[in-house]
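One structure below.
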Amino acid sequence: MKSGRILIADDEAPQRSVLAGYLSKQGYEVLDAPNGEAALQILKLEAVDLLLTDLRMPGIDGLELLKQLRAANPLVEVIVMTAFGTIESAVEAMKAGAFTYLLKPIALDELQIHIDRALERKLLTVENRELRARMGETASGDLIATSQQMREVFGLVARAAPSRASVLLLGESGTGKEMVARAIHQTSPRKDAAFVPVNIAALPETLVESELFGHEKGAFTGAIARHNGVFERADGGTLFIDEVGDMPPSAQVKLLRVLQEGSFERLGGGTVKVDVRIVTATNADLEMRVREGSFREDLYYRLNVVRIELPPLRQRKVDVPLLVEHFVRRYAKLNGKRVAGVDRDAMDLLMKYPWPGNVRELENAIESAVVLCRGEMITAEDLPLTLREMKSGGVRRVGSGAMDDPEKSLPERVDAFEREIVLQMLDECAGNRSEVARRLGVSEKAIRYRLSRWGLTDNE
């Protein structure tokens, strides 16, 4: 049996009676109103999960009812019905916040499907708001999710944030590691101090120590003035070190000392004491690098006090619609576009795509679609070519070959998966490494490093 409270607003009594009878048999609690004014009065007094409203009614019509309800209670889902359907009215209803738009006569089995989906979205939205409230609205940012995997991440963040413990964030590029680091900072006692991010992979190796620990004037050729490193800038707050697996050995020694003693030597200067909470992140296999000798074992254990693993987007597809809705609103506003959402075909492609670049790739795809959209709903044709090719079966499966070889170790399979993604993206971007790096959400240095590791030259 179904559950939920549904309000039917329709000036035709027989239509209300049929719908109310059917929905009551399905287990819903049903209220009804003969016009928009009566519906508004009920909505002021009663808690309702979904409004099922006719578009054309005397007085306050369905569209005006929808707009007033959205302003008063945006959590109530709305399905609009009409016997006089036009593209213009459908678009206007969707822009005003309707879940969907149905033509009369209503097919009850189809209506049931839409009600199930609308109530599921309402539940996901409520759960997401509760999670964001628990973490703090400013802390959650783009951490929009209701999947079980991300709930576990949010729970770890909430428990780890009040402590001084180092946190190691693991996950593929684009999964939101920096946003999680910011959430840790903004829900910690250090929230009023600085949050300072630094990406090791984006720095030339010769400048890593200077950027982390600073230098005095004349410490080396070109050091024309004193420079405070990120540790000093983060004093009292949180330092987020991304791609920590790429840190050179000399800098690893200094980082270990900071973790042990709370001090370091500025290049060309004396000892500096700092009070810094350290959060690090990597998409590399640090345990393998420890075994290889390229990453210090003692440092690894110091960083890995609290370990949080972020799942890739392909493993939490339930979060895709909420993220899409969020990014559509953001980029429609930024670009001055009147884009209300995505149509069913486009959403189907967004749900089927494996998202190798994770949330960052999804965000880029929606930004592009909003900019290119010629109407008020994003269609499949507005989406990037990689997604459109799925419709015709033109996309080759990522991660074939060595990834599926049962004789290969997990690190070897992960490496094969990365190789497939990078090579496919290089092909799509005509060899432009900067564009590949932008799409995958990594530095160009990281792309060069991987190509070198695989023994590939630019021409190859």
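The values are calculated or read from the model by the stated rules, or taken from the named source; none is laboratory data. Values in this document were obtained by computation on a predicted structure and should not be read as measured data. Ideal geometry is used to build each Cβ from the backbone, glycine not excepted, and the neighbour counts take in all protein chains shown.
Only one of LEU69, LEU75, LEU65 is closer than 21 Å to LEU123 by Cβ and buried (at least 19 other Cβ atoms within 10 Å of the Cβ). Can you tell me which?
LEU69 is the lone residue from the list that is closer than 21 Å to LEU123 by Cβ and buried (at least 19 other Cβ atoms within 10 Å of the Cβ).
Return the only residue of GLY155, GLY141, GLY171 being modelled with pLDDT of 85 or more, within 28 Å of PRO356 (Cα to Cα) and outside the structural domain of VAL422 (by TED's automatic domain parsing).
Sole residue among the options that is modelled with pLDDT of 85 or more, within 28 Å of PRO356 (Cα to Cα) and outside the structural domain of VAL422 (by TED's automatic domain parsing): GLY171.
Give the residues of segment 298-340 that are touching a residue at least 60 places away in the same chain (Cβ under 8 Å) and of a type in the set (A, V, I, L, M), sorted by residue number.
Selection gives LEU303, VAL305, VAL306, ILE308, LEU310, LEU313, VAL318, LEU322, LEU323, ALA340.
Of all residues in segment 73-121, how many are of a type in the set (S, T, N, Q) and touching a Leu at 6+ places or on another chain (Cβ under 9 Å)? Write out each step before concluding.
At the first step, the residues of segment 73-121 found to be of a type in the set (S, T, N, Q) are 73, 82, 86, 89, 100, 112.
Still in the list and also touching a Leu at 6+ places or on another chain (Cβ under 9 Å): 73, 82, 89, 112.
Residues meeting the conditions: 4.
Only residues in segment 368-389 that are closer than 14 Å to GLU428 by Cβ count as the first member; pair them with residues that are surrounded by fewer than 19 Cβ atoms within 10 Å (Cβ to Cβ) and β-branched (Val, Ile, Thr), Cβ under 7 angstrom, at least 6 apart or cross-chain, and list the lot.
Within 7 Å, the pairs are THR386/VAL395; GLU389/VAL395.
Just one of GLU325, GLU309, GLU243, GLU292 is at positive phi, of a type in the set (Asp, Glu) and out of contact with any Phe, Trp or Tyr (no Cβ under 8 Å at 6 or more places or on another chain); which is it?
Numbers: GLU325 fails: at positive phi; GLU309 fails: at positive phi; GLU292 fails: at positive phi.
Going through GLU325, GLU309, GLU243, GLU292 in turn, the sole match is GLU243.
Hey, among ASP246, ASP235, ASP275, which residue is free of Cβ contacts under 8 Å to residues at least 60 places away in the same chain and either among the polar types (S, T, N, Q) or under 22 Å from LEU203 (Cα atoms) (or both)?
Only one candidate passes the filter, namely ASP235.
If you go through segment 395-409 one residue at a time, do you hit one that is modelled with pLDDT under 75, in a helix (DSSP H, G or I), surrounded by fewer than 19 Cβ atoms within 10 Å (Cβ to Cβ) and not hydrophobic (A, V, I, L, M, F, W, C)?
Checking segment 395-409: at least one residue is modelled with pLDDT under 75, in a helix (DSSP H, G or I), surrounded by fewer than 19 Cβ atoms within 10 Å (Cβ to Cβ) and not hydrophobic (A, V, I, L, M, F, W, C).
In segment 180-212, which residue that is assigned to a helix (DSSP H, G or I) and β-branched (Val, Ile, Thr) is farthest from ALA446 (Cα to Cα)?
Residues of segment 180-212 assigned to a helix (DSSP H, G or I): 180-186, 200-202, 205-212.
Going one step further and asking which of them are β-branched (Val, Ile, Thr), we end up with 180, 184, 200, 206, 208.
Details: VAL180: 22, ILE184: 26, ILE200: 10, THR206: 16, VAL208: 15 Å.
It comes out as ILE184.
Tell me which of these LEU55 doesn't satisfy, since it passes every other one: (1) buried (at least 18 other Cβ atoms within 10 Å of the Cβ); (2) modelled with pLDDT of 90 or more.
Going through the list (1) buried (at least 18 other Cβ atoms within 10 Å of the Cβ); (2) modelled with pLDDT of 90 or more, LEU55 breaks only (2).
Could you say whether any residue in segment 30-38 is surrounded by fewer than 21 Cβ atoms within 10 Å (Cβ to Cβ) and among the small types (Gly, Ala, Ser)?
Yes; the residues of segment 30-38 include at least one that is surrounded by fewer than 21 Cβ atoms within 10 Å (Cβ to Cβ) and among the small types (Gly, Ala, Ser).
In segment 1-85, which helices (runs of 4 or more DSSP H) lie fully inside it and hold 1 or more residues that are assigned by TED's automatic domain parsing to the domain that holds ARG117 and touching a residue at least 60 places away in the same chain (Cβ under 8 Å)?
In segment 1-85, 13-25 are the helices (runs of 4 or more DSSP H) which contain 1 or more residues that are assigned by TED's automatic domain parsing to the domain that holds ARG117 and touching a residue at least 60 places away in the same chain (Cβ under 8 Å).
Looking at MET81 and the list (1) surrounded by fewer than 16 Cβ atoms within 10 Å (Cβ to Cβ); (2) out of contact with any Pro (no Cβ under 8 Å at 6 or more places or on another chain), which single condition is not satisfied?
The number of the failed condition is (1).
Table: residues versus (1) modelled with pLDDT under 90; (2) of a type outside the set (S, T, N, Q); (3) in the same structural domain as LEU119 (by TED's automatic domain parsing); (4) not in a loop (DSSP other than H, G, I, E, B).
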{"site": "ALA284", "(1), (2), (3), (4)": "yes, yes, no, no"}
{"site": "GLU287", "(1), (2), (3), (4)": "no, yes, no, yes"}
{"site": "ARG291", "(1), (2), (3), (4)": "no, yes, no, yes"}
{"site": "SER294", "(1), (2), (3), (4)": "no, no, no, no"}
{"site": "ARG302", "(1), (2), (3), (4)": "no, yes, no, yes"}
{"site": "VAL328", "(1), (2), (3), (4)": "no, yes, no, yes"}
{"site": "PRO356", "(1), (2), (3), (4)": "yes, yes, no, no"}
{"site": "GLU361", "(1), (2), (3), (4)": "no, yes, no, yes"}
{"site": "ARG374", "(1), (2), (3), (4)": "no, yes, no, no"}
